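Below is one structure, written out as structure tokens; comments come after it.
The values are calculated or read from the model by the stated rules, or taken from the named source; none is laboratory data. Because the structure is a prediction, the values reported are computed rather than measured. Glycine also receives a Cβ, built like all others from the backbone with ideal geometry; neighbour counts cover every protein chain displayed. When the accessible area is computed, the model is the full protein with side chains, heavy atoms only, and any ligands, DNA or RNA have been set aside. Shrake-Rupley method; radii C 1.70, N 1.55, O 1.52, S 1.80 Å.
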Amino acid sequence: MLMQDRKAVVFGVVNERSIAYGIAKSLSEQGAKLALGYAAEPIRKRIEPIAASLGADFIFQCNVSSDEEIAAAAGVVQDRWGSVDCLVHSIAYANREDLTGRFIDTSREGFRIALDVSAYSLVALCRAFEPLLSPGASVMTLSYYGAGRVVANYNAMGVAKSALEASVRYLAVDLGKRGVRINAISAGPVKTMAASAIHGFRTILETIENRSPLGRNITLDDIGRCALYLASDLSSGTTGEVIFVDSGYNIMGV
Ligand SMILES: NC(=O)c1ccc[n+]([C@@H]2O[C@H](COP(=O)([O-])OP(=O)(O)OC[C@H]3O[C@@H](n4cnc5c(N)ncnc54)[C@H](O)[C@@H]3O)[C@@H](O)[C@H]2O)c1
């Protein structure tokens, strides 16, 4: 099995529709040990049965906008496992009012929150977990087409994803010195809790069906298989990349 006894820390499962859930499932099916990070205490009850169904070793709380909680999370993982082979960052947040209307109206605070939770958190997690990452370990994050192109209503999140993708490239240089890889999966639209905050999401789904080369929307399994490639030795020579899992939509012109 591709991930036999490898230790994977996954941030971002909130329910079974979460992209992080699809990734955790596919890693676990290939033998990975899992630890799941959840954002806040009220989510714990929801995560416990999901963690049990995935056979996760343990779960821990970590609000990624808090340096203290990130340090505590790295401490918990250090105590339980001592090292980590895979880190999955599948987290984003923006205030609802910053995901509709004109981008020009984004407030300073709304911009800060979107960038902090959705992009800076990757940098902070990499720094905190760096001493635990084994040589050959793999870090991955989730991006979207709106990082490089204007997508209606994506607004502050588009700018955050742009910063996230640039962070992946800079982190690739820092982590590469230890033999650690980091990449982003740019996923097509998937109906999740986070996606429900974006106005006109149904139109985005229909556009992929009508215009992508594969003529269908992607599934959690599609993303899970790409995650498996990135987490395992199959991608041993790949770092700093953004890999699209979007039925090919991003290649289309007129
Ligand atoms: N759903 C899509 O269409 C789509 C497409 C491309 C990329 N993505 C990206 O995939 C990632 C996962 O989103 P999803 O669609 O699976 O939705 P989701 O709602 O299932 O997951 C988002 C996760 O972010 C977590 N989170 C938010 N703020 C946090 C904080 N301060 N600390 C810790 N965790 C926090 C939530 O608890 C949740 O688990 C996000 O980065 C999202 O932008 C989603």
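At a glance:
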read-out	value
From the options Ile243, Ile204, residue that is out of contact with any Gly (no Cβ under 7 Å at 6 or more places or on another chain), part of a helix (DSSP H, G or I) and in contact (Cβ under 8 Å) with a residue 12 or more places away in the chain	Ile204
Residue list for the stretch 61-88, restricted to those being within 14 Å of the ligand (Cβ to nearest atom), surrounded by fewer than 20 Cβ atoms within 10 Å (Cβ to Cβ) and not in a helix (DSSP H, G or I)	Gln61, Asn63, Ser65, Ser66
Residue check, Ile91 without any contact (Cβ under 8 Å) to a residue 40 or more places away in the chain and either assigned to a helix (DSSP H, G or I) or under 20 Å from the mean Cα position of the chain (by Cα) (or both)	no
Enumeration of residues in the stretch 114-162 that are of a type in the set (Phe, Trp, Tyr) and free of Cβ contacts under 8 Å to residues at least 60 places away in the same chain	Tyr120, Tyr144, Tyr154
Which numbered condition Leu36 misses (of (1) crowded, with 20+ Cβ neighbours inside 10 Å; (2) in a helix (DSSP H, G or I); (3) within 11 Å of the ligand (Cβ to nearest atom))	(2)
Boolean, Asn183 is more than 23 Å from Glu97 (Cα to Cα), within 12 Å of the ligand (Cβ to nearest atom) and in contact (Cβ under 8 Å) with a residue 12 or more places away in the chain	no
Any hit, the stretch 98-121, residues being open to solvent by less than 10 Å² (accessible area, probe 1.4 Å), closer than 24 Å to Ala24 by Cβ, modelled with pLDDT of 95 or more and assigned to a strand (DSSP E or B)	no
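A quick yes/no check of all residues on (1) surrounded by fewer than 18 Cβ atoms within 10 Å (Cβ to Cβ); (2) in contact (Cβ under 8 Å) with a residue 60 or more places away in the chain:
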{"site": "Asp174", "(1), (2)": "yes, no"}
{"site": "Lys191", "(1), (2)": "yes, yes"}
{"site": "Ser196", "(1), (2)": "yes, no"}
{"site": "Ile208", "(1), (2)": "no, no"}
{"site": "Ser212", "(1), (2)": "no, no"}
{"site": "Ser232", "(1), (2)": "no, yes"}
{"site": "Gly253", "(1), (2)": "yes, no"}
